[in-house]
Structure formats: structure tokens, C-alpha cells
1. If you go through the range A:299-310 one residue at a time, how many are surrounded by fewer than 22 Cβ atoms within 10 Å (Cβ to Cβ) and either part of a loop (DSSP other than H, G, I, E, B) or without any contact (Cβ under 8 Å) to a residue 40 or more places away in the chain (or both)?
2. If you go through the range A:315-324 one residue at a time, do you hit one that is aromatic (Phe, Trp, Tyr), farther than 27 Å from A:Ser266 by Cα, assigned by TED's automatic domain parsing to the domain that holds A:Ser429 and more than 24 Å from the chain's Cα centre (by Cα)?
3. What are the residue pairs meeting all of these: first residue in the range A:124-138, first residue within 17 Å of A:Leu213 (Cβ to Cβ), second residue part of a helix (DSSP H, G or I) and modelled with pLDDT of 95 or more, Cβ atoms under 6 Å, and 6 or more apart or on different chains?
4. Does A:Thr204 satisfy the criteria of being surrounded by fewer than 20 Cβ atoms within 10 Å (Cβ to Cβ), within 23 Å of the chain's Cα centre (by Cα) and not assigned by TED's automatic domain parsing to the domain that holds A:Ile93?
5. Which of the residues that make up the range A:217-243 are hydroxyl-bearing (Ser, Thr, Tyr), touching a helix residue (DSSP H, G or I) at 6+ places or on another chain (Cβ under 8 Å) and more than 11 Å from chain B (Cβ to nearest Cβ)?
6. State whether the residues of the range B:371-394 include one that is in a helix (DSSP H, G or I), within 30 Å of B:Arg317 (Cβ to Cβ), assigned by TED's automatic domain parsing to the domain that holds B:Thr280 and at pLDDT below 95.
7. Do we have any residue at all in the range A:152-164 that's away from chain B (no Cβ under 14 Å), assigned to a strand (DSSP E or B), among the β-branched types (Val, Ile, Thr) and more than 22 Å from the chain's Cα centre (by Cα)?
8. Quickly run through the range B:348-378 and pick out the residues that are in contact with a His (Cβ under 9 Å, 6 or more places away or on another chain) and over 25 Å from B:Pro259 (Cβ atoms).
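The values are calculated or read from the model by the stated rules, or taken from the named source; none is laboratory data. Computed from a predicted model, the values in this text were never measured in an experiment. Cβ placement follows ideal geometry from the backbone for every residue including glycine, while neighbour counts extend to all protein chains displayed.
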Amino acid sequence: MSYEKWLDLGLKKGLEDLQIFATRNKSLKLTIYQGRIDQHVESDVESVTLRGIYNGKITSVKFENETDVAIDAMIDRLILNAEALTANEPAIIFEGSESYPEVKVESFDFSTIDMADKIQLARDLEAGILGQKNVKQVQSTTYQETANETTLINSKGLKLYRSNSFAYAYAIGVFEKDDDIKTAYDINLVKDYSDFNVSEMVQTTLEKGWAKLGGKSVPSAKQPVVFSNERFGELLATFSTIFSGESAYRNLSPLKDKVNESIAISGLNIIDDPLHDKAYFQIPFDDEGVATHVMPVVEKGVFKGFLHDLKTASIFKEAPNGHSFSGRISPTNLYVEPSNTSFESLIQPIKNGIYITELAGLHAGVKTVSGDFSLQAGGFKIENGQVTTPVKMIVLSGNFFTLLNQIEGIGSDLKFGLNNVGSPSVYVSELSIGGDDSSAS
Amino acid sequence: MLDKKVLERLLQEGVSQGADFCEIFFENTHSNMLRVTGQEVTDASSSNVYGAGVRLIQGNDEVYGYTNQVDEESIEKIVKNLQASFEGPAYNAKPLGTSNPYDPQVAIPMANKTTKEKAEKLLPLTQIMAEYDERIVQSIAMLSDMKQDILVVNSEGVYQKDERHYARVILMAVAKDETSMQQAYEGPGRSMGFEIFEALDFNELALETAKSAITLLSAEDIESQVMPVVLHNGFGGVIFHEACGHPLEATAVAKGLSPFVDKVGEKIGSDVVTAYDNGTVDNAWGRLSYDDEGRPTQNNLLIEKGVLKGYLVDFRRGRMMNAKPTGSGRRQSYKFSPTSRMNSTYIAPGTDKVEDIIKDTKYGLFAKKMGGGSVQPATGEFNFAVQEGYMIEDGKLTRPVRGATLIGHGKDILFKIDRVADNLEFGQGMCGSISGSIPVDVGQPTIRVQSMTVGGAGGQK
């Protein structure tokens, strides 16, 4: 496609400046069920976001129909939309950063691996779990690979390109014992096909499933809580909008007037690192063409500043820091800095507590504006410094801002998730546990 | 769009090497999002989803491919590529029929209105919210509209077009005092055009949203406990959607992953529970003339007086379960293969009055407005959040409470419903599952659940 041609068309139609952001996404998804292929999905889709300034107002249109007629109509639509905007806000198409970080991880071409091998990988994963103790069935076994190529070109002369590929696999085992049904899975995300380790995934899935069986609710109480690394990462990801410059500008973040103030215990560091070597994605520039860089968000408990796009950086009179993604402000690879404390040492001081390994309903039971959360949860009891029996069907409630000041310990087991957010296990002095009061043992 | 002769040739190609069914789904969807923040129009963006998805099925096995290059050559390439997964005899594709008439359910298409005209409808709403109380620190009104044109063709001769119009207005108010910041939200949607602004009383809704945010400022966190819960009508139906709706989808049932497998004809709830999933409710958010497999939608009885009557079934899983499809094959876009999904799901009205249900409850929670929720069909465990709640003490609503999340198990919850009022209403949401995110209605009259686990951050240390 001739992106330059579209730039010319936009300028001719009266746009003052414009940018084309095109992403081509090729993917393959295989799911296996009882040895047979349940889903086999292949795709090749290019979608284009055109961002333009008209009469000093900026807005964007996104489209997949790349015919000349359709593009013409979408540019007209952009102009119509821009005419309706009344807010006087900075409208910027970026001329480019001085330099861009170098991405060291090479994109692996997963399409070079035979289809039969991928199918076999998923079949082996399923077969490894099926027939094991307490396994009722395997709900589905998934292999997914994705390759993205992104091109950014604008009327200020900026031209950038980035590519990314990854694959992941997991099997959802359904475990049953004495009428209790639990599911468990272990997602293995790789940047190179040879990094898949099926036997390890089988083992982890089985161990997770077995450990959960026989879980009971607990009586309602306030208790010390340890979040597993994955779950604290998930909670942090859900609340990451509080760090957005847009939220601050719109009065939707309680951190609005808290820059350089303490918001957490002094031992907490939260960092945004676009190229972190443990993260799954390396991101040299954002969707507006701004170079990314390592940025402390919380340093020794002090809030260091908001994530910005070009607009909010200009409003707050700060340098842009490269956080415009998919039309909103979000982190690159946000993570809680780990300590040297092993998981065993982290939970050692806890006499009675709960180790949280499952959270559900994060799209519903969370209020980012107030920091309140109230979520279905599951995990294990911690008794006398040891993880003991499984716990299910409880509600974990608290306030994220309060929690940041109630952190008693941070583990060493940093893990990034598919959501680009990483965390080690985190020990919080006290949260509300809602459970079944008749379940007292 | 490709012409019929070309489509017939592609479908024939699809069933020429072992696959016994071939389907091509074309989509052209235009959507617009407009946001008013305070008294300024701050966002106006548009998007177009455009492409085609090809599905081949052999017996119960399926392959799917999609692209945004909608030309004969690109689609043929996908068909040939997918074919390689199967081996076997050739089948004959039936000649394509003609499209049955469909009802787009629209009086004034959004495309006939300018972005400015739309903005003029939203500006008074943020003003109403902002002026309600000086503690309202932010008010946002959004209009999201969408027009989806689809064509489904398959090797059984189906040639079906459909045109769907969606309009949704989302209101959000944020209130702040010395101690906290609270948000309230409303998001009614319809299968409609610009006439949604006449059909619904948005001024009243804006007032209610602001009032709800202010109420939450003085609400206390609820204390975790097990207690009776009265779930108000409308979006309260999210309980049935999560606890029973998803586990009744063939997606779960065909694999035996649901507490309701093999339970048709058996009692799965109390006598007061009758429930439907209806794809034909006029102007409803979850309505469709035809599903994404080209079948007319219908009104499916799920539960009658506590007895399970049926499941929601798509074409392929119907084969697996030996069951007839129920017009429930849905997908977010051409990027998804269809599966069985809900449309407008609701508990049918009973004869009780809301006032009586509250009066007859000595102690409990009145969940006036619900947030979203989720369920894991394999285990039946579900959760959902309460946006605005009140304690019921001695049959009266007393203090407001916030931060409540309710959890339960699908197989017990329907037995615990003991009261059903006469005030059926729908609420609108986006429902996520393996075939993507789609508009659905949840619905119910006010109901009482005898006991539920309620979690919250309140209470003594």
C-alpha cells in the first residue's frame, strides 16, 4: 500500500498534518480437544489508523477497507469529526525523537515451523494431562502465534517501523475430586519456538490443579494477604490508569496533585521499562512516534509523574514520554521491582493469612477512581509461615491506595504477564476476606 | 461484494476436498464514538471493520480463516489454504438462494446526522450531572453508534444479508469530598438510530447518575457476610446471565463443561424461576433479525417453573450435541468463528410487588444497581459487583453501602430464588466469550435470593 499517497490525499483535503499508523497482523490459532483439532484459525489483517489535524483539532479514524473510495470517505469522516470538537487542546503530529532505543530481541518467524509440529505440540500437551489423577478432562488446549508489523509515517517526515512476534500455548485442565471441580492452566509465552517446554507445562498444570482440589471457603475476617506474582501484576494492570496523564487531566485520578508525594511504603518501586529483558514485548516507540525510555513511576514510595501522550505532556508542560498506545495512554512494561526475599521468607512471619492465586471479575469489581476493589478470589491458607490447604469462593476487598501503604514485603519472583505488567509476590498486612461463615473449621 | 456466481464457485471449492460445509461471512461495520467531557466535545473518532471470514467443517471439525482483503483471489487463497486440513470426498454445494427480508429496526440512521448534531444531544446531559451537586467534579457523556452490514453464504444454499444499527449512551459522574472519590455509571443501549434520544429519558438518567455518585460518597463499605439479597430489576439480570446463561451455551454444554449437562427435563431451580433467551425483542440491544450463521433468531425457553427446557445452540455444536440450532450463532466480527451466544436473556416476571419483597425481608442487602460480573462455566462459580446498594433492616431500606461483590455457584443459585416481582426490565452490556464481545441484554424483575456470600471492605478490624 502506498501510505505516501494517503498522506498526499489528506493534505489535499485540507488536513494541516496527518499520520498513518498501519499494523499488519498475521496469526495462527490452534485448539485441540480430545486429540482432534477443535479450532484452527488463520488470519492476515492490516488495519490503519489515520490521525489528522483539521482547523487545529486532532482526531483519528481507523479502517480495514483499503480501497481508494473507502479511504477518501474515512478522511471526510475525520474532518467531520474534527469540526465537532470544541475543546481547545494541543493538537500535535510529531516530528520525531532525537534517537530511538535499539531492540535487541529478534523477531522469530513462527511460520517456518511445520503446522504438523504445532499440532503435535498441542496434542502432546493435552495428552500429558489427560488420564492423570483427578483429571476429568481438558477443556481446551491452545497454541497461538502472532506476528505484527507496524509502520508509522507522517507529514512531518517521520518514518518508523517495528515488528514483533510471539507464540504461546496452554491447556485448561478440569480436575474433579469428591464433587469438587476446579480448572487450572499454565500459559507458556515464548519469543522462540524452541523455548516451549511441554513436559514442564504439563507438570505445572497438574500441580496447580491438584493443589486447588478440596478447597473450602473461610469465615469472613480481616487477614494478612499475600498476592502471587501473577495476581498482583493483574491488580496493578487494572489500576494502571491512575498513572495516566489523561486521567489526571480529566480529574479521574486521585494521584492528580500527588506528584513527588509519598503514596506508598518507602520500599516500593514501580518502573515502566519498554525494553525490560524479562518482559514479552520490546517497544522502541509509541503510536505517536515518540521514543520510549525507562521511567520510574513510583520511587521509594514517592509518585514520580504521569505517563503521557503528546497532548497531555504539552498540557502538563512536560517532555512527552512515549505512552500513547491504541488511542489511549498506557504503560509499556510496567513492573514492581523485586527484592531479594524468597517466597518462603516472605510468608514465613505470617501466622494466619491467605495466599491469593486466583482473582475473577476484575472488569467489574474495581473502581479505579476511588481505588476500591472487591473481587472473587481463591488461593490457599497460610498457617504458621507455610502455605497449607486450598481456599475457594471468597471475596477479597480493599482499597488499592490504602494497600500501597500496607505492603509488608515484596518477593523476588518477578514475572511478567501477557498484559505487559510484571510483579513479584506481594505481602499486604490486612485485607477483608468475605466468605461462608458456616465454614469455620 | 462478490457476485453470487463467484460465491457459489468458492463454496463449491470449499467442499471439494473432505469438508462437508463451507461458509463465508462478509462484514462492513462503521462505528463512531463521541465524548463530551464537562461542557466540551473532547473526542470524536470513527472506525471501520471490514473483511471476510471463511469456515470449513468436516463432521465436527472446523477450520477458520479471515482477511481484510475482500476480493475473489484473496478469499480463494484462504479456502485453498484451509482445505489442506481435510481429506475426503467432494460434496456438492447447493445453489445460493435469495436473502430473506430483514428488519434494520431504525427510524433515523445515525449516518444522517452530523457529529455536531449528535454532540448537541450529549451536552445538556453533562450539564445536568455537573449542576446536580457541587461535589460532582467530572461528568462525561458518550455516544457510541454502530452500523453493521453482513452477508452470510454457505454450501447449504443460505444467502442472508442483515443490517444492524446500534446506539448506546454512556453517562458517568464522578463525585469527590474530603475523604473519597466515587463514580457512578449508566449505559443504556438499543437497536436503534438517532431516535434513541426520543425513546429514552436521558435527562432523568443523568440526574440519577449524578445522584448515585453523591449517594456513594456517604455510603459505607459493606461488611462481608452471608445474607439474603434483593436484586433490583434490569441490570440485576446479570446474575442469571453469569450463573446460568453462559453454562447453558452449547460452547460449554457440548464439551460437558457445565453444571447443566444432561439436565433437560430436570429441576434446576425453584418453581418461581422461568427464563428465556430471546433474539427477537423489538429494538432490544441484543436483538438480531438473523444470527451470524444466517438463521432467523427466535425466542428460546430455557427454564420453565424451575425445570430446564433447553440450551442455546449454534450449527456446529448442534451437530456435536445432536440438537437443532436455536438462532444463537454469534460473533463480534469476521475475525471470529461463530458460537452459541445469548441475545436478550431474562427471568420472566412473577406476581410479587417490590415493596412487599423488601417489607418481608428482615435483614439483607438491596442491590439497586449492578456492575458487571463473570463466570467460569466448568466450575459454575460466578461473581458480580454491586454499584449501588442499601441495607435492608426490619423490612426497610436504611443506609447506603458500597463495594459489595456477590459470589455463588450456578447450580445452587436458582434454587435460592424465592421471590420474583412483576417489574421486568432489561439492562445492556457487552458480553465477552470465545467469539468476541457482543451486545446483549440481561433482564429480570426484582428478585430475592435467600442467601448469598457478600464481600466488602467494611466492618471492624
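1. 5
2. No, the range A:315-324 contains no residue that is aromatic (Phe, Trp, Tyr), farther than 27 Å from A:Ser266 by Cα, assigned by TED's automatic domain parsing to the domain that holds A:Ser429 and more than 24 Å from the chain's Cα centre (by Cα).
3. Pairs that qualify, where the first residue is within 17 Å of A:Leu213 (Cβ to Cβ) and the partner is part of a helix (DSSP H, G or I) and modelled with pLDDT of 95 or more, are A:Ile129/A:Val202; A:Ile129/A:Thr205; A:Gln132/A:Leu206; A:Val135/A:Ile129; A:Val138/A:Glu126; A:Val138/A:Ile129.
4. no
5. Scanning the range A:217-243 gives a single hit, A:Thr241.
6. No, the conditions are met nowhere in the range B:371-394.
7. Looking through the range A:152-164, at least one residue is away from chain B (no Cβ under 14 Å), assigned to a strand (DSSP E or B), among the β-branched types (Val, Ile, Thr) and more than 22 Å from the chain's Cα centre (by Cα).
8. Result: B:Val354, B:Phe366, B:Lys368, B:Lys369.
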